[in-house]
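Right, one structure below, let's go through it.
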Amino acid sequence: MPSATFLTPPLSRVGLSAEEARARAAANGWDVVVARKNVADIAAMPRPKAVADPRGFLQVVVDRATERVLGATLFCVESQEVINLVTMAMRHDLPYPALRDAIYTHPSSTEGVNELLGAI
């Protein structure tokens, strides 16, 4: 179940945190990898810069073996919208490359997903 806390910028989460995934990794046979970037460092994420609020970070937790998304924490402009995309991928067992390789509208915060997941 996704959640959003409407701070400035919003904080949104779904699934497991990195710590929770690592704690459950052995029991589930997961090869946990965490992709995390500060918004200000993501070149392909123009929306936060366009509205002059490049604070925050994107973090997605993945099982490298199955390519399943285990969770995400997003703290950035429009994170309450981007988390819905990640939630859909999780509910439908889409592999993370489906999110990484998608083409998103410009300028949007969703564009940061390409660069973030490209780091895995």
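Of all residues in segment 1-51 being in contact (Cβ under 8 Å) with a residue 40 or more places away in the chain and β-branched (V, I, T), which is nearest to A89 (Cα to Cα)? Per the criteria, the residue is V14. When G15 is tested against (1) out of contact with any Gly (no Cβ under 8 Å at 6 or more places or on another chain); (2) at positive phi; (3) not basic (K, R), just one condition goes unmet, and that condition is (1). Restricting attention to segment 79-120, the residues being free of Cβ contacts under 8 Å to residues at least 12 places away in the same chain and closer than 21 Å to L16 by Cβ number 4.
State whether the residues of segment 29-40 include one that is under 19 Å from S108 (Cβ atoms) and out of contact with any helix residue (DSSP H, G or I) (no Cβ under 6 Å at 6 or more places or on another chain). Looking through segment 29-40, at least one residue is under 19 Å from S108 (Cβ atoms) and out of contact with any helix residue (DSSP H, G or I) (no Cβ under 6 Å at 6 or more places or on another chain).
The residues of segment 64-91 that are of a type in the set (D, E, K, R) and in contact with a strand residue (DSSP E or B) (Cβ under 6 Å, 6 or more places away or on another chain), listed by number, are R64, E67. Selection of helices (runs of 4 or more DSSP H) fully inside segment 21-120 by the criterion of at least 2 residues being buried (at least 19 other Cβ atoms within 10 Å of the Cβ) and of a type in the set (A, V, I, L, M) returns 79-91, 112-118.
Here, each number is a calculation from the coordinates, and none is a lab measurement. Here the structure is a predicted model, which means the values were calculated and not measured. Glycine gets a Cβ as well: all are built from the backbone with ideal geometry, and neighbour counts include every protein chain shown.
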